[in-house]
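One structure below.
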Amino acid sequence: MQLHPITGAIGAEITGIDLKQPISADLAEALRQALDSHLLLVIRDQFLDVPQHRALAQVFGRPAVNPYGPGPDEHPEMTSVIKEASERTGVFGGGWHTDLSFIETPPNGSVLAAIEVPPYGGDTLWANQRAAWEALPETLKELLDGRDAVHVGKPYGIKWAPPVEEQAMKGSTKRGDPEADKERFHPAVLTHPVTGARSLYVNPTYTMRLDGMNEEDSRPILKLLFEQSTLPEFCCRLRWTAGAMAIWDNYSTQHYAINDYHGFRREMRRTTFQSRPISEWRGLAAKTHLTAA
Ligand code: SIN
């Protein structure tokens with residue numbers, strides 16, 4: 001297995017492996033280590049079927065069902081991400097976000113397969129949220145450390161949902177769910193329970209406000225954080241090819257699917273995985289803060 005970094009900040013392409021073959025314990029360990037170092041892994045020319053896709057996800061955790069985009073009954077944990085050539089508005093994931101940060105147990109990572117890709121466009125961007133946290137000024141770090149951010153599933157709820165004609169994957173995702181309007185509290189900075197690595201965990205799609213502040217007071221701080229967290233220096237951009245697999249750490253990255261391929265069809269298949277629940281990522285500072293409160 002060879003690793004080829006994509007940028008200085010995030011991502012590595014892997015060559016020299018065939019994921020259609022059973023994944024040995026050694027390879028699984030090497031993949032987990034590579035993900036922890038690079039936060040995004042890309043392996044091209046794999047053309048995995050559903051069981052092989054699931055086996056790859058199982059290297060990192062337990063495949064999880066997306067409650068707002070379940071797959072078919074035979075494999076509900078496999079969400080189909082499709083934009084037809086005739087569709088113009090909206091694309092699934094077309095804004096900076098971390099997957100499902102508005103649910104109680106957001107997934108630790110995702111595994112995305114490129115089934116059909118447009119001749120150009122349809123790239124995906126990722127941004128390294130460990131680097132984003134590191135680069136914040138100390139005053140902002142102090143403000144965020146030990147504080148929760150409040151997330152809401154705006155596109156899937158009732159209160160904030162965009163008009164139907166602007167919604168992506170209209171028929172295939174669950175919409176109008178009052179559960180998605182509920183506020184979910186997660187640490188604004190996550191701390192890896194074993195390594196102690198820290199990452200900023202706010203995103204413009206789902207984060208509404210900071211705990212202890214209203215939306216209006218939170219807005220300028222969040223605006224600054226959203227700008228800082230997606231600076232080009234923290235990003236990479238993936239040009240997809242059919243058969244490629246991308247695996248990312250959903251607690252240490254944000255991503256953005258670019259909607260620039262009108263007139264062409266794009267089909268992806270995504271599963272997420274659960275390994276360490278977010279409740280274990282509060283870290284010492286947060287625990288001290290909560291105890292003090
Ligand atoms: C997503 O997981 O947000 C979709 C990414 C993509 O389709 O490139």
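The values are calculated or read from the model by the stated rules, or taken from the named source; none is laboratory data. Since this is a predicted model, take the numbers as computed values, not measurements. Ideal geometry is used to build each Cβ from the backbone, glycine not excepted, and the neighbour counts take in all protein chains shown.
Being more than 16 Å from the ligand (Cβ to nearest atom) and on the phi < 0 side of the Ramachandran plot, is that true of even one residue in the stretch 255-262?
Within the stretch 255-262, not a single residue is more than 16 Å from the ligand (Cβ to nearest atom) and on the phi < 0 side of the Ramachandran plot.
Of the candidates 162, 106, 119, the single residue that is surrounded by 18 or more Cβ atoms within 10 Å (Cβ to Cβ) and in a loop (DSSP other than H, G, I, E, B) is 106. Being touching a residue at least 24 places away in the same chain (Cβ under 8 Å) and among the β-branched types (Val, Ile, Thr) is the filter; apply it to the stretch 133-166 and report the residue that is farthest from residue 179 (Cα to Cα). Selected residue: 150. Within the stretch 122-138, restricting attention to residues that are within 13 Å of residue 39 (Cβ to Cβ), among the small types (Gly, Ala, Ser) and away from the ligand (no atom under 15 Å from the Cβ), which residue is surrounded by the most Cβ atoms within 10 Å (Cβ to Cβ)? My answer is 132.
Counting the residues of the stretch 198-222 that are hydrophobic (A, V, I, L, M, F, W, C), crowded, with 17+ Cβ neighbours inside 10 Å and more than 16 Å from the chain's Cα centre (by Cα) gives 4. Out of curiosity, is residue 79 within 14 Å of the ligand (Cβ to nearest atom) and either surrounded by 17 or more Cβ atoms within 10 Å (Cβ to Cβ) or at pLDDT 95 or above (or both)? Judged against the criteria, residue 79 is a match. Restricted to the stretch 1-66, the set of strands (runs of 3 or more DSSP E) holding at least 3 residues that are of a type outside the set (D, E, K, R) and farther than 19 Å from residue 113 by Cβ comprises 2-5. Could we say that residue 193 is in contact (Cβ under 8 Å) with a residue 60 or more places away in the chain, surrounded by fewer than 17 Cβ atoms within 10 Å (Cβ to Cβ) and assigned to a loop (DSSP other than H, G, I, E, B) here? Answer is yes for this residue. Among the residues of the stretch 2-33, the ones that are of a type outside the set (Val, Ile, Thr), in contact with a strand residue (DSSP E or B) (Cβ under 6 Å, 6 or more places away or on another chain) and in contact (Cβ under 8 Å) with a residue 24 or more places away in the chain come to 6 in all. Residues of the stretch 86-108 being more than 11 Å from the ligand (Cβ to nearest atom) and modelled with pLDDT of 95 or more, which ones? Across the stretch 86-108, the qualifying residues are 101, 102, 103, 104, 105, 106, 108.
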